[in-house]
Structure formats: structure tokens, C-alpha cells
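Taking it in order: structure first as C-alpha cells, then the write-up.
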Amino acid sequence: MKLADISEIELDDDPFRPHSFAFTKLHGNGNDFILIDEIAREQVAETAKRKFAVVCCRRSFGIGADGVLFLVNSPRADLGMRLFQPDGSEAEMCGNGIRCLAKYAWETGYVGQSFDVETLAGIIPVQVREMEGSFWARVDMGAPKFDRIAIPAYGSGEFINEELEGARVTAVNTGVPHAVIFVEDLDFDIQEIAPRIRNSSIFPEGVNVNFVKLGQTLEIRTFERGVEGETFSCGTGAVACASVARRQGKAGDEVLVETKGGPLIITFEGDKAFMEGPAVAVYSGELNEEYWWSLSGDL
């Protein structure tokens, strides 16, 4: 693929138009993302977005990230968000990702303190604030879906506390499908058990796998599909774990969830779940022409 096919940047008559384009690196509790701003124009051609994510997320040869966020225009909301994961798949939603996108959009001046973001999982209302110099976003995650059709999972009814690959599993969709497993101890090799559940044939679109230790807070570890490994934090996973714990009488309407990368606050108002947590901008940079040429063989 030629350089011109990879990027939509056109070298027109403006002699000062750069041969590269900017990106911003952000993280939410250690779940990190490359953000590409496509509000003014498309920066990466649609046909190249998947492989762009594959190569740019590589931590030794690219920028390194758990995914690439594309900030885009939306005809239905204030902003649009697309997320491509390290394996090239496009995710429906991401709790940590939407907070990172919210931070960038708010600080850039695209939005005020309350706005909507269109995702593949629907339109998500977001509120942002600063607290003692730190950025926090509160995200309306909607009502967790326990029905198998909505997860999706084969069969009928709900997927509650079922035996699967030697574990008792409850499945729920909180924007993306999640499996939740309560454990006594989180000190184990997640790579040994999680992939079997993630790839179980009962989940036609795969599933993220969360292990939860109950206590005064919910301590969790999450194996994410698309990343195909453990991440420091998963926002939709935190909502999934809190939702299952609440449904089974193990948690109330406000739950502090401790991920490996830091805390998230999950609250419930009726059937709706809300996630609140921080987002941090790490650095901004440019993908230069040399890097584009180095990618041309991969893309």
C-alpha cells in the first residue's frame, strides 16, 4: 500500500501543510490509548484504520497502547467515538476510552461540561469536572443487560452463575460483553484460565473476562478481548462486576471498584449504572512521514 493510501492528508498548494499528523496519548487508570482527532477531516483512511491500530499499538515498534481512539463527528450526538483494538477489531464501547476522549474534547474546547458521545453501543451521556487539579468524568453507562440475546450468548433466558470451563460464570453486557467470576484470591495466572472463557463457543462475539474478590471494595482483574491479555483497568468491566455483585446482593447502589490501575466509582440509579473515574493526558506528538513509510509494508 502506498503512503497516499494510508493517510487522507493531502499535500495541496499550502506549502506549510505538514507531512504528518498529531496524536495524543492518554490513559484511564493505566488503560492507555492513542487518540486521533478527525473532527476537521479524516486522518487515517477507513480501509487502513484496523491495521493502523495493529501496528501503532505495538509497544516496541509503535507508540504502544491498548487501543486507538478516533474522535469523529456525529450526526446524532455532540461527538463520535470509534475504538480499534490491538488485534484490529473495532469495539462497541470502552469505559476508560470514553473518559480519555472526553478529557481531550473538553480541553480542546469541542464540548462543555455535559455532552453526548455516539458509540457503536449507542449514545452515551458524559459529564466532566476538575477535582483538585485532576480531571474526572462521569459516564452514563445505561442499564446492564443480562439477557443472553443482548450479551450475546447462545441459549435462552439469563446467563447467571453457570458452570463454564471449571468456573461459576455470570455474563452481562455493559456496552460490551463481560463474564464475571467471583474468586477468593486474585493471585493466579490469568492467562491460563481467561482465554478459554473468552473464546468459549457459547459467546458468538467473544467476551471480556473479569475476576472479582469481594471485600469492602471490589478488587478486579480483567482479561480483554481484542487486547488478548490483561489490562490495568477496564471501565465496562468495573460496571459489569458491580452490576453482578449488586444483583446477587453482594454490593449496594454505590460501589468502589479497585482495578490494578486505580479506583472507579460505580453508582446505580434505578436500572442505570454510572461510572466515574479519572483520565490523564500523557503526551502529544506527531506521526511523521518516515514512520508512515515504515508502516507501508505492514499496512
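Taken together, the values in this text are just the output of simple stated rules run on the coordinates, not laboratory data. Keep in mind it's a predicted model, so treat the numbers as computed, not measured. All Cβ positions, glycine included, derive from the backbone under ideal geometry; neighbour counts span all protein chains shown.
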Approximate spin-label separation LEU186-GLU205, in nm, with each point projected 7 Å along Cα-to-Cβ: 2.7
Whole-Å semi-axes of the chain's equivalent ellipsoid (Cα gyration tensor): 34, 21, 17
Fluctuation leader among ARG247, ARG138, ARG198 - the chain, Gaussian network, Cα springs under 10 angstrom: ARG247
Set of lysines with alpha-carbon distance to LYS272 below 20 Å, sequence-local pairs under 8 removed: LYS145, LYS250
Estimated inter-spin distance, SER134 and ILE160, nm [label 7 Å along Cα→Cβ]: 3.6
Fewest-first sequence of PHE188, PHE182, PHE84 by Cβ atoms within 10 Å of each Cβ: PHE188, PHE182, PHE84
The chain: most fluctuating residue of ARG41, ARG246, ARG99 per GNM, C-alpha cutoff 10 Å: ARG41
The chain, relative contact order in percent, only Cα pairs under 8 angstrom and at least six apart counted: 21
Sorted by Cβ neighbour density within 10 Å, fewest at the top, the residues THR222, THR236, THR47, THR24: THR47, THR24, THR222, THR236
Theoretical gain in end-to-end length, ASP253 to SER114 [0.36 nm per residue, Cα-Cα removed]: 47.7 nm
Sequence-separation-based contact order of segment 144-270, relative, with Cα cut under 8 Å and 6+ spacing, percent: 19
Net charge, GLU184 excluded, C-beta distance under 15 Å - Lys, Arg +1, Asp, Glu -1: +1
Order of MET131, MET81, MET93 under a 10 Å beta carbon neighbour criterion, fewest first: MET131, MET93, MET81
Most mobile of GLY175, GLY262, GLY67 in a GNM of the chain (Cα contacts under 10 Å): GLY262
Whole-Hz couplings from phi, Karplus 6.51/-1.76/1.60, listed for segment 120-127; x for Gly and Pro: 5, 8, x, 8, 10, x, 9, 10
